Amino acid sequence: MNTLATRFLRWIGIGLAIFAVALVLMLLYNNYSFRSTSQAAFGAQADRELDKAIVWIKDNAIYSERNPSMMYMIADMESMSHDPRLQAVLDHYQQHYLIRPTSLIEFVWRRLSARNADVPVIQVPDLHGEINETVWDAYAIAPDKVSLSQEDRDSMFSPTKHSWGSRQHQLLALVMYRDYNGGSPELDQTINSLAEKVARDAHYDFRVTDAYYQRTAFLLAAGRPDLVRPNWINRILRHQNADGSWDACWHGWCRGLFEFGGEVSNIGHSTVQAAWALAMLKYRYPQWVAEHYH
């Protein structure tokens, strides 16, 4: 009996050791690149993949028009690049999707393509401090028109209340708020604190999922390229599809035990986020590229 128990414990120990080694290797693979890439080679690849992504976004605009956060990303890409293909997406969104809003809150999205667009006063029901990405984004774009209870506003701007995926969406909402309304020392401090926590999550979460692209893009949007590891960008580039899109889930990482948020996001969500990250590196943070690729 003692011999069986000893063998059992030994096998458990070996299994745990193998698991620990595998985990360390995955973390290293996620965060460090052992291959050197020249700045010219990286720039050429990033430009090529970004161009393919923009073609896909234009040809599949229906995915983006369903999601105001994605339209915000596309509008930001267009403001940086002045790409007529992205402007065509925005024009179609304005002329077709927003021409007959089905709810008052949809009037807010007109400010995504025309920042001074008129928005009616919108009374939001009390959310009791729970996350609501649509309401947060609407308030960020039009705080003069969209009402939030004090509890809901405190929740949106809290540096500590939210975690994991909800923290990422909170970070984007605050980035949008700062973009449309200007920053403040308190807001900047909250955004920086959230960005550092999101970067920590990205360090340990080695799955290539919709959240993988999202974290990288949101860190750059928050003005914290210093938190982005080059290998995160390299892995994003390696996982692009031939048609210019990015899948929401690779190798089954989004399902079962590793499911993120209870729902696998669609391919359009992943593609716009990955493209937004590449666009920000190209147009907003070329110094980051120069520092990490020689």
FRET efficiency estimate (nearest 0.05) - Cβ-Cβ, residue 14 to residue 79, R0 45 angstrom = 0.20
Pairing the Cα long axis of helix 2-31 with the longest principal axis of the chain, what angle in degrees results, from 0 to 90 and rounded to the nearest 10?
-> 40
Relative to the longest principal Cα axis of the chain, at what angle does helix 164-181 sit, 0 to 90 degrees, rounded to 10?
-> 30
Express the relative contact order of the chain as a whole percentage, based on alpha carbon pairs under 8 Å and six or more residues apart in sequence.
-> 25
Helix 210-221 vs. the chain, principal-axis angle (Cα, 0 to 90°, nearest 10) = 60
Candidates [x] 19.6; [y] 17.0; [z] 18.8; which is the computed mean projected area of the Cα convex hull in nm²?
-> [z]
Once the in-chain neighbours fewer than 8 apart are removed, the lysines whose Cα is under 22 Å from residue 161 read 197
R0 of 30 Å, Cβ-Cβ distance residue 203-residue 59: FRET efficiency to nearest 0.05 = 0.30
Given charges at Cβ of Lys, Arg, Asp, Glu: the chain dipole, positive-most of 17, 240, 42 = 17
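If each DSSP helix of 4+ residues adds -39,500 (n - 2.57) and the sum is divided by the residues in the chain, what number results at 222 nm, nearest 500 deg cm²/dmol?
Using -39500 (n - 2.57) per qualifying helix, the result is -19500 deg cm²/dmol.
Quick note: the coordinates plus some simple rules give every number you see, no bench work behind them. Bear in mind that the values here come from a model prediction, so they are computed numbers and not experimental data. Every residue, glycine as well, gets a Cβ built from its backbone with ideal geometry; the counts of neighbours run over all protein chains shown.
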